[in-house]
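**Q** One structure follows; several queries about it will come next.
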Amino acid sequence: MTLLHRLAAAAALALGLAAQPALAQDGPLRIEITEGVIEPMPIAVPRFMARDAGGGEYADRIAQVIVSNLTGTGLFREIPREAHIAELTEFDAPVSFSDWRAINTEALVTGSVAASNGRVTVQFRLHDVVSGREMGEGLQFEGGEGDWRRMAHKISDEVYSRITGEAGYFDSRVAFIAETGPREEREKRLAVMDQDGENAEYLSEGMSLALAPRFSPDGDRLLYTSYEDGFPRIYLLDLRSMERRVLDEQPGTMTFAPRFAPDGQSAVFSLSRGGSTDIYRLDLRSGERTQLTNAPYIATAPSFSPDGARIVFESDRSGTQQLYVMPASGGEPRRISRGDGRYATPVWSPRGDRIAFTKSHQGRFHVGVMNTDGSEERLLTASYLDEGPTWAPNGRVIMFTRENPGAEPELYSVDISGRNLRRIATPVAASDPAWSPLRD
Amino acid sequence: MTHLSKALLLVCGLALAACSSDPRYAGGSVNGDGDGSVEADSYGSGGIGSSGLGSASDPNSPAYFQDRVGDRVHFTVDESRLTEEARETLRGQARWLRENPDFQIVIEGHADERGTREYNLALGARRASAAESFLADQGIDSRRMRTVSYGKERPVEACPEQRCWDKNRRAVTVLSGAAGS
């Protein structure tokens, strides 16, 4: 994990060459994500140039990961290698834009890589082929041999960010529940992987029943629910030390649906006692607990607004599951869901502007988004069972669990425009994704 | 602890297989011939086969409780209200538990798969609590009872059909030797 700091430091070290002003914000290449892109931008990412013998090992793989990330958004389409005319031999040589225009390229990513003594150094530049100039500054990343994929993700984030004007999300991870065994005796293990499904690893043993992990705001801890003592309890796992502890263990109660507060110092969760389920807040340092709802109904799935001032949750106090917003200290909840059907699992977007949710109506399940006052509800998906949305760190993509009838659960992602529905490959059946913040 | 030891002895004495340290039963149905073998159909089935059920013809056996008394009640969609049929089953459970005071119980609440995970956990808790309250009203000491919700995580039978959903919306009374430990 010390890699983070090294990478962050290296990322700041821009190559001060080709003294053109950065035009990241007002260049002609622009994708408006919220519009829902119909015509993806043509982009070329030729094999990176190897600056030494070791670099050859990574030159192609890094370019492939970048292509996969960018085309996976649905915002870009790749100009295939076979169509490329220009020969790239020198990273700092001028780009022959006419060669790229001839094959209808609009954006071009060039890069170079060197590797020796266990260190990999990657450089890249983004070129606006249409206007014939570099877009933003060239950057260099440095890391260990195992970090090449992360460097490719960081380059992808830079490209995405310069062209869309939005923060990226490729250098992030997804915690999820890995499911094996027959449904009736399912083993559900805590697992984590890169956002593109690579580098999956288990965080809990087999023979367990773990549910719904949630990342801390800085990505260093997970909250989740587990049955290891026979009853649902919330656990806090430190991803650096891999130490974990049970939170708020009270006999005769069950606790679940945890989520961190934006400051990472407290958590909200549900506690069931005597058939009622209420929402509580727990100070993670002092252990002090505050009850936020108190009603003989179900109140669950709480999620903070990013400023920490409000909490959205679901409750059946009206007779069916609906979404409510209340002050973070508790107080009178205000219902925000208004349409037909049942609303569940609300999650405030990291940008604060929308709430994602699950809706069930007439036998179908949907993932949707609405404004924080409940207006402009939009359903993004529909299936036998879609549930449990989680936001990409930039608030532009949502991942969720999908189950088709009789099939194993899988992870899917979709843009908030409703476009680009994609399945995320996982090593085994998977559910309950939780997207991490962008890594340092 | 004396309760625990006594019940463990009882349970292990009847066991076909080796007795594990986990005295907990899973809900299960005894095969028709009452030979004590079980079909796992509920969470905790990791412990299945490790404790004896006895013969269903022995009215004081766990097998009798499961098979003849009925260890589970069912619910309609999104409901935790006990049907008259459920009440009748629970009255039978209460009678058996009064006659077999060494047993503790864990009431498992379950939901079908047609709901979201968190809500189903809360709904299962509500169903388990409804059964617990009814048993308490029938004179069962609340210290003998615990509840747990599995939400939709432990179906009896998983299929995308009404017949499975109906089976899965349930509260199962699981006998155990140990008192709330």
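**Q** Residue check: is A:S156 surrounded by 19 or more Cβ atoms within 10 Å (Cβ to Cβ), modelled with pLDDT under 95 and either within 19 Å of A:A392 (Cα to Cα) or of a type in the set (S, T, N, Q) (or both)?
**A** Taking the combined requirement at face value, the residue does not satisfy it.
**Q** Looking at A:R285, is it assigned to a loop (DSSP other than H, G, I, E, B), more than 21 Å from A:V268 (Cβ to Cβ), of a type in the set (K, R) and away from chain B (no Cβ under 14 Å)?
**A** No: the conditions fail for A:R285.
**Q** Quick check on B:G70: is it at pLDDT 85 or above, surrounded by fewer than 19 Cβ atoms within 10 Å (Cβ to Cβ) and on the phi > 0 side of the Ramachandran plot?
**A** In short, yes.
**Q** Taking segment A:221-242 on its own, how many of its residues are acidic (D, E) and over 13 Å from A:R189 (Cβ atoms)?
**A** 2
**Q** Which of the residues that make up segment B:134-159 are without any contact (Cβ under 8 Å) to a residue 12 or more places away in the chain and either under 21 Å from B:D112 (Cα atoms) or facing chain A (nearest Cβ under 8 Å) (or both)?
**A** If the condition is that a residue be without any contact (Cβ under 8 Å) to a residue 12 or more places away in the chain and either under 21 Å from B:D112 (Cα atoms) or facing chain A (nearest Cβ under 8 Å) (or both), then B:C159 is the only one that fits.
**Q** When you scan segment A:417-432, do you find a residue that is buried (at least 23 other Cβ atoms within 10 Å of the Cβ) and small (G, A, S), even just one?
**A** There is at least one residue in segment A:417-432 that is buried (at least 23 other Cβ atoms within 10 Å of the Cβ) and small (G, A, S).
**Q** Determine if segment A:239-251 includes at least one residue that is crowded, with 19+ Cβ neighbours inside 10 Å, under 19 Å from the mean Cα position of the chain (by Cα) and not charged (D, E, K, R).
**A** yes
**Q** Next question. Say we look at segment A:204-224 and pick out the residues that are within 12 Å of chain B (Cβ to nearest Cβ) and either farther than 11 Å from A:R259 by Cβ or modelled with pLDDT under 95 (or both); which of these is farthest from the chain's Cα centre (by Cα)?
**A** Within segment A:204-224, the match that is farthest from the chain's Cα centre (by Cα) is A:M207.
**Q** Looking at A:L88, A:L70, can you tell me which residue is surrounded by 13 or more Cβ atoms within 10 Å (Cβ to Cβ) and not in a loop (DSSP other than H, G, I, E, B)?
**A** On the way: A:L88 fails: not in a loop (DSSP other than H, G, I, E, B).
After ruling out the rest, the residue left standing is A:L70.
**Q** Within segment A:288-316, count every residue that is buried (at least 17 other Cβ atoms within 10 Å of the Cβ), farther than 14 Å from A:S349 by Cα and more than 10 Å from chain B (Cβ to nearest Cβ).
**A** Of the residues in segment A:288-316, 2 are buried (at least 17 other Cβ atoms within 10 Å of the Cβ), farther than 14 Å from A:S349 by Cα and more than 10 Å from chain B (Cβ to nearest Cβ).
**Q** Right, something else. Find the strands (runs of 3 or more DSSP E) located wholly in segment A:330-440 whose residues include 1 or more that are polar (S, T, N, Q), and list them.
**A** A:342-348, A:354-361, A:364-371, A:385-391, A:397-403, A:410-415, A:429-435
**Q** Going residue by residue through segment A:397-405, is there one that turns out to be free of Cβ contacts under 8 Å to residues at least 24 places away in the same chain, in the same structural domain as A:I336 (by TED's automatic domain parsing) and surrounded by fewer than 17 Cβ atoms within 10 Å (Cβ to Cβ)?
**A** So far as segment A:397-405 goes, yes, one or more of its residues are free of Cβ contacts under 8 Å to residues at least 24 places away in the same chain, in the same structural domain as A:I336 (by TED's automatic domain parsing) and surrounded by fewer than 17 Cβ atoms within 10 Å (Cβ to Cβ).
**Q** Say whether the condition of being of a type in the set (D, E, K, R), closer than 25 Å to A:W391 by Cβ and modelled with pLDDT under 95 is met by at least one residue in segment A:319-339.
**A** As a first pass, look at segment A:319-339 and keep what is of a type in the set (D, E, K, R): A:332, A:334-335, A:338.
Next, only the ones that are closer than 25 Å to A:W391 by Cβ stay: A:334-335, A:338.
Adding the requirement that they be modelled with pLDDT under 95 leaves A:338.
Yes, segment A:319-339 contains at least one residue that is of a type in the set (D, E, K, R), closer than 25 Å to A:W391 by Cβ and modelled with pLDDT under 95.
**Q** Among the residues of segment A:382-393 satisfying the criterion of being more than 11 Å from chain B (Cβ to nearest Cβ) and crowded, with 22+ Cβ neighbours inside 10 Å, which is nearest to the chain's Cα centre (by Cα)?
**A** Among those that are more than 11 Å from chain B (Cβ to nearest Cβ) and crowded, with 22+ Cβ neighbours inside 10 Å, it is A:A392.
**Q** Would you mind stating whether B:A63 is out of contact with any helix residue (DSSP H, G or I) (no Cβ under 7 Å at 6 or more places or on another chain) and closer than 20 Å to B:G177 by Cα?
**A** yes
**Q** Another question, then. What pairs can you find where one residue is in segment A:259-270 and within 14 Å of chain B (Cβ to nearest Cβ) and in a strand (DSSP E or B), the other is among the polar types (S, T, N, Q) and crowded, with 18+ Cβ neighbours inside 10 Å, and their Cβ atoms are less than 6 Å apart, with a gap of 6+ or different chains?
**A** A:R259/A:S303; A:F269/A:T255; A:S270/A:T277; A:S270/A:T300
**Q** Tell me the residue from B:S80, B:S45 that is closer than 30 Å to B:T116 by Cβ and modelled with pLDDT under 95, please.
**A** B:S45
**Q** Still on this structure: Evaluate segment B:124-131: report whether one residue or more is in contact with a helix residue (DSSP H, G or I) (Cβ under 9 Å, 6 or more places away or on another chain), at pLDDT 95 or above, over 22 Å from A:R342 (Cα atoms) and outside any strand (DSSP E or B).
**A** Yes, segment B:124-131 contains a residue that is in contact with a helix residue (DSSP H, G or I) (Cβ under 9 Å, 6 or more places away or on another chain), at pLDDT 95 or above, over 22 Å from A:R342 (Cα atoms) and outside any strand (DSSP E or B).
**Q** Checking A:E187 against (1) charged (D, E, K, R); (2) more than 14 Å from chain B (Cβ to nearest Cβ); (3) surrounded by fewer than 20 Cβ atoms within 10 Å (Cβ to Cβ), only one condition comes out false. Which one?
**A** (2)
**Q** Can you report the number of residues in segment B:65-85 which are in a helix (DSSP H, G or I) and in contact (Cβ under 8 Å) with a residue 12 or more places away in the chain?
**A** 7
**Q** So, in segment A:91-121, how many residues would count as being part of a loop (DSSP other than H, G, I, E, B) and not hydroxyl-bearing (S, T, Y)?
**A** Qualifying residue count, segment A:91-121: 11.
**Q** Can you tell me which residue among A:D147, A:D128 is under 21 Å from A:E78 (Cα atoms) and acidic (D, E)?
**A** A:D128
The values are calculated or read from the model by the stated rules, or taken from the named source; none is laboratory data. This one's a predicted model, so the numbers in the text were calculated from it and none came from an experiment. Every residue, glycine among them, receives a Cβ derived from its backbone with ideal geometry; neighbour counts consider all protein chains shown.
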